[in-house]
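Read the structure below first, then the notes.
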Amino acid sequence: MQRKKASDFPQELLNLFDVYVHGGMSRRVFLDGAQKFAAGGVTAAALFEMLKPNYAWAIQVPPDDSRIAAKVATVPSPQGNGSIKGYLVRPASADKLPAVLVVHENRGLNPYIEDVARRLAIANFIAFAPDGLTSLGGYPGDDEKGAALFKQVDPAKMQEDFLAAAMWLKSRPDGTGKLGAIGFCFGGGVVNKLAVRMGADLDAAVPFYGVQPDAADAAKIKAPINAQYAELDIRITSGWPAFDAALTEAHVPHEGHVYKGANHGFHNDTTPRYDQAAAEEAWRRTLDWLNKYLRA
């Protein structure tokens, strides 16, 4: 399938798809709503297929890249679902390095997130991307099935799983003890929650279009925050001013970046919502932030 851009679709259709992706409507309701945009022989079902992720597009660092060493690791999580599996990647040969937790969207550990972990490894970090669907067998290889499974996992226990993964990663003997966290969409919200829960145990955080904590919780944050937002993602981005104020009040080093004309999910290079300029600028800021606070 030829790669499409966000500009190839009406914004109203992109907004409708965003509601579907976040569980606000069923596939059938989305298709009914998309029907009015079906024209020129393109059906609503074809539009749906165009908007879905194509994970072949996400491979920036191949799994067998000689620069990295990758494996599956299992982390005990007694307060969560018992254990959580994830994708552990590090440079093939290196001394002790800072570590970064990578938290997926609301579909589980898909190939895009695995590639993000590999991108961090070639940037000289140890990266661990846990799969919140571990207790149900892990990411099923299909986003719709992943979304259905997601609704079956106790959210509080899943959050405990991510906390267990973070603390395990921070304490690894091949790490320096410095820990960062990066997350996307659902994962951005998880990163913000981890910053609240972990206090000074988290050394840097980069949430991408993540739901923000309230002011009382934000006051508990110690980790420097670099938040990434899309201008057209009003549902999430509208929460930034209050979060910004709360972080300022708590004297937390922080930045917030809103990318003009970008949609929610702009960093995910598997869908038409991908915005190359915004994604590349956000990634530069991510690496600069992690290098600044994890290598000091």
## Note on the structure
The lone condition V61 fails out of (1) under 22 Å from the mean Cα position of the chain (by Cα); (2) surrounded by fewer than 16 Cβ atoms within 10 Å (Cβ to Cβ); (3) part of a loop (DSSP other than H, G, I, E, B) is (2)
### Conditions (1) more than 19 Å from E280 (Cα to Cα); (2) open to solvent by 10 Å² or more (accessible area, probe 1.4 Å); (3) touching a Leu at 6+ places or on another chain (Cβ under 9 Å); (4) of a type outside the set (D, E, K, R): number failed by P98
(2)
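A quick yes/no check of all residues on (1) over 14 Å from V191 (Cα atoms); (2) part of a helix (DSSP H, G or I); (3) modelled with pLDDT of 95 or more:
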position: A129; (1), (2), (3): no, no, yes
position: S135; (1), (2), (3): yes, yes, yes
position: G141; (1), (2), (3): yes, no, no
position: A147; (1), (2), (3): yes, yes, no
position: A166; (1), (2), (3): no, yes, yes
## Note on the structure
F243 meets each of (1) part of a helix (DSSP H, G or I); (2) open to solvent by 40 Å² or more (accessible area, probe 1.4 Å); (3) of a type in the set (F, W, Y); (4) more than 21 Å from A99 (Cα to Cα) with one exception, condition (2)
### Task
Only one of these is touching a residue at least 24 places away in the same chain (Cβ under 8 Å), in contact with a His (Cβ under 8 Å, 6 or more places away or on another chain) and β-branched (V, I, T): I68, I59, I122, I113. Name it.
I113
### Hits in segment 22-47 (condition: in a helix (DSSP H, G or I), surrounded by fewer than 16 Cβ atoms within 10 Å (Cβ to Cβ) and not basic (K, R))
V29, D32, Q35, F37, A45, A46
### Query
Which of the residues spanning segment 246-290 are crowded, with 18+ Cβ neighbours inside 10 Å, part of a loop (DSSP other than H, G, I, E, B) and either touching a strand residue (DSSP E or B) at 6+ places or on another chain (Cβ under 9 Å) or on the phi > 0 side of the Ramachandran plot (or both)?
V252, A262, N263, H264, G265, F266, H267, N268, R273, D275
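The values are calculated or read from the model by the stated rules, or taken from the named source; none is laboratory data. What you see is a predicted model; the values in this text were computed from it and never measured. FYI the Cβ positions are ideal-geometry reconstructions off the backbone, even for glycines, and counts take in every protein chain you see. These accessible areas exclude ligands, DNA and RNA; they are computed on the full protein's heavy atoms, side chains included. Shrake-Rupley method; radii C 1.70, N 1.55, O 1.52, S 1.80 Å.
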